[in-house]
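Report on one structure; see the data block that follows.
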Amino acid sequence: SRAFLSCGERCIVAASQRGRSHGQDAKPRDDDYAFHYDADLECAVMAVADGAGSAKFSRKGSQIAVHTACDLTVPAVDKDFWVSMEPQIRKWKTDNDPTAGNAIRASLYKVLIHAAFEAKKKIAQEAKEHEARYQADYKKAEKFTAKDYATTLILTVAKKFEYGWFVATYWVGDGGVGVYQPEINRISVHGIPDSGEYGGQTCFLTADDAWKGDAAALIQRRIRFEVVDSYKAIILMSDGVSDPKFETENNLNSVVYWDKLWADLSQTVPWDKRDESVSDALLAWMDFWSPGNHDDRTMMVLY
């Protein structure tokens with residue numbers, strides 16, 4: 001699957017490919033993505049999700065996660081939202097004002113964490129309804145729970161102001177999301193991946209563990225925001241890309257690895273073109289060979 005959207009001076013490109021391991025077993029792709037761009041507000045909403053390979057309906061889980069998150073976030077970050085946020089964002093940008101920071105976090109809680117929680121609820125509801133349908137269709141009692149739909153979620157909002165870009169993210173699970181600024185030799189990773197005790201294990205949107213603590217704890221663990229003067233790209237990816245390209249969590253915070261990733265992408269992806277050929281090229285790039293890394297791969301870039 002691939003998609004391309006020209007957004008004035010910026011573009012959004014996304015591609016998602018079924019992993020070799022799933023292809024071999026004739027299993028579907030468990031990753032999914034969704035995005036929206038409001039040209040009047042110069043605001044992008046982007047979501048990437050990676051359904052757990054071990055969960056039998058994770059393909060549906062990731063689909064519900066990205067679409068619910070986007071469908072709820074887009075109307076929430078409307079003109080009025082930004083009008084009320086703008087003074088706080090300006091204060092934060094000018095002098096790191098802590099009161100402004102808290103006001104921004106409270107607003108992001110209402111939007112991003114609310115959208116993520118509604119996605120979690122919708123998945124639980126789907127499990128319940130699926131159970132009822134199964135019983136009706138097959139006259140058999142079968143238990144389905146949200147765990148069967150386990151998925152990660154990265155949800156990012158980026159909005160242009162005259163003094164820079166405001167970028168905010170909610171992130172649960174693995175994969176990666178970063179604001180890439182090679183012109184100042186900087187990468188800002190928007191959170192910490194949930195890596196489990198052993199490889200391939202992570203925390204999912206659908207798990208109660210992901211919702212531990214009060215609002216403050218959730219904000220601290222799951223929300224990141226910043227205002228940047230400019231950027232080369234905002235990149236969201238599932239662990240099918242981040243594992244082979246970064247190998248360790250530490251490397252995810254190293255601009256050297258992001259430089260390597262961008263150089264690698266740029267050999268295949270014609271960033272200067274502003275049409276579907278960019279998404280075709282990104283999808284083709286996804287086919288790279290990496291020993292032992294055969295998971296689904298998804299990437300979305302605002303550039």
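Please give every one of the lysines within straight-line cross-link reach of K121, meaning a C-alpha to C-alpha distance under 19 Å, and leave out same-chain neighbours fewer than 8 residues apart.
The reachable lysines, counting only those whose Cα sits under 19 Å from K121, are K56, K60, K110, K143, K147, K212.
Per 5 Å bin, what percent of the C-alpha pairs of segment 27-137 does each bin hold, from zero upward?
2, 11, 16, 17, 16, 12, 9, 7, 5, 2, 1, 0, 0
Considering only DSSP states other than H, G, I, E and B, which GluC sites (Glu not before Pro) in segment 92-145 qualify as loop sites with at most 14 other Cβ atoms within 10 Å?
E142
If I compute solvent accessible area with a 1.4 Å probe over the protein chains, what percent of it on the chain is carbon and sulfur?
Here it works out to 48 percent.
Using only Cα atoms, locate the centre of segment 258-300 and the centre of segment 29-46, then give the distance between them in Å, rounded to an integer.
19
How high is the relative contact order of the chain, in percent, counting Cα pairs under 8 Å that sit 6 or more residues apart?
Relative contact order of the chain: 25 percent.
With no solvent and one point per C-alpha, what does the Debye sum give as log10 I(q)/I(0) for the chain at q = 0.14 Å⁻¹?
-1.05
How high is the relative contact order of segment 157-303, in percent, counting Cα pairs under 8 Å that sit 6 or more residues apart?
With pairs under 8 Å counted, the relative contact order is 28 percent.
Probe of 1.4 angstrom, ligands and nucleic acids ignored: what's the accessible area per residue over segment 242-284, in square angstrom?
53
Would you mind calculating the relative contact order of segment 145-232 from Cα pairs under 8 angstrom and at least 6 residues apart, reporting the percent as a whole number?
Taking the mean separation of contacting Cα pairs over the length of segment 145-232, I get 36 percent.
Given springs between every Cα pair under 10 Å in a Gaussian network model of the chain, which of K143, K128, K60 has the largest fluctuation?
K143
Which order do D214, D208 take when ranked by solvent-accessible area (1.4 Å probe, heavy atoms of all protein chains), largest first?
I get D208, D214, largest accessible area first.
Could you calculate, for segment 163-293, the ratio of the Cα radius of gyration to the Kirkwood radius, expressed as Rg to Rh?
Radius of gyration relative to Kirkwood radius: 0.98.
The values are calculated or read from the model by the stated rules, or taken from the named source; none is laboratory data. Nothing here was measured: the structure is a model prediction, and the numbers come from that model. Cβ sites come from the backbone with ideal geometry, for glycine too, and all protein chains shown count toward neighbours. For the accessible areas, the whole protein counts, side chains as well, though only heavy atoms, and no ligand, DNA or RNA atoms are used. Shrake-Rupley method; radii C 1.70, N 1.55, O 1.52, S 1.80 Å.
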